[in-house]
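Nothing in this text is a laboratory measurement; each read-out follows from the coordinates by a stated rule. A quick note: this is a predicted structure, and the numbers were derived from the prediction, not measured. Ideal geometry is used to build each Cβ from the backbone, glycine not excepted, and the neighbour counts take in all protein chains shown.
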Amino acid sequence: MKTIKLLALSAIVAGCITSCQKEEVTTEVSEVSNTPTKEQLLKLTDMGVNTHDVTIDKIKNLDGNTEEYLVNGKGIEVPVKGLFDQENLGAAENGNKQYRTRNLVSARTITVLGYTGGGGNGLDQTAQQGLRQAVDSYNSLGLTLRMNLSFGTNHQAADIVVYVERGLGSGGQAGFPSGGRPYKWARIGESVSRNGTTYSKHVILHEMGHCIGLRHTDWFARSCDGSNEGDGGIGAIHIPGTTTGVDRSSYMISCAAFGSSGRFSNDDVTALRYIY
């Protein structure tokens, strides 16, 4: 399942990196609006983004704001606005380990909202229980980040909002931190809760992992199709202490099965405690 993760490039909320659980889902949240220019494609290349099958899509957030993103078909999306202000390719270390972006979240209490409003965006009881368990899992590690969870519709006041986005199927979509704050929107597909509480917890854990700065552990050779997501200008920095070899049990693997445990692997715990 291919899902999309919006990147935070520099201080701007940026593109999106795919988070797969089993099946591939559509990479668009809306219809393709147009094709990129040659200059845009060259800039993406300089940023370390795989430019295979790049299109320009529009993505609408829960708050109603719509932005255009360059989508590369390999899970990365970069905002059209401010594209040429972004940094070019940074150092990225390949290997099968845990990775983070250059941007992390400042030590703080994060307010997490499980959205329960209408319009097909509200979490059902299964997804709500999965979110409770996901937050408990993060808080159990004693990190410098503490998460306070509530449910309701006041998404304006929350640091991270978990809600349902139609078109994502059994996957999810999120982004990376900027300005010391987590990425705000952790989206899950409309089919996630149909696979049960444990699967819902796994998808939500994964999306929230991106929100606080974690990349896929196999970003350089995705387990779905072997493709390279690219550096994307936000970095893929190895987290010290995590072991070599593909950690199939990691909650940040790009393509996990529906039978995923919904638990952190040993390396996941090491990575989270190292950066937070």
- Task: Would you mind computing, in nm to one decimal, how far apart the modelled labels at N139 and T45 are, each placed 7 Å from Cα along Cα→Cβ?
- Result: 5.0
- Message: Which of V162, V112, V54 has the fewest other C-beta atoms within 10 Å, and how do the rest follow up to the most?
- Response: V54, V112, V162
- Taking other Cβ within 10 Å of each residue's Cβ, how do D218, D63 sort, fewest first? D63, D218
- Message: Once each part is reduced to its C-alpha centroid, what is the distance from the stretch 111-132 to the stretch 173-227 in angstrom?
- Response: 16
- Taking 0.36 nm per residue of separation and subtracting the Cα-Cα distance, what length does fully extending R108 through T243 add? 45.8 nm
- How much length, in nm to one decimal, is gained on full extension between D124 and K38, taken as 0.36 nm per residue of separation minus their Cα-Cα distance? 26.5 nm
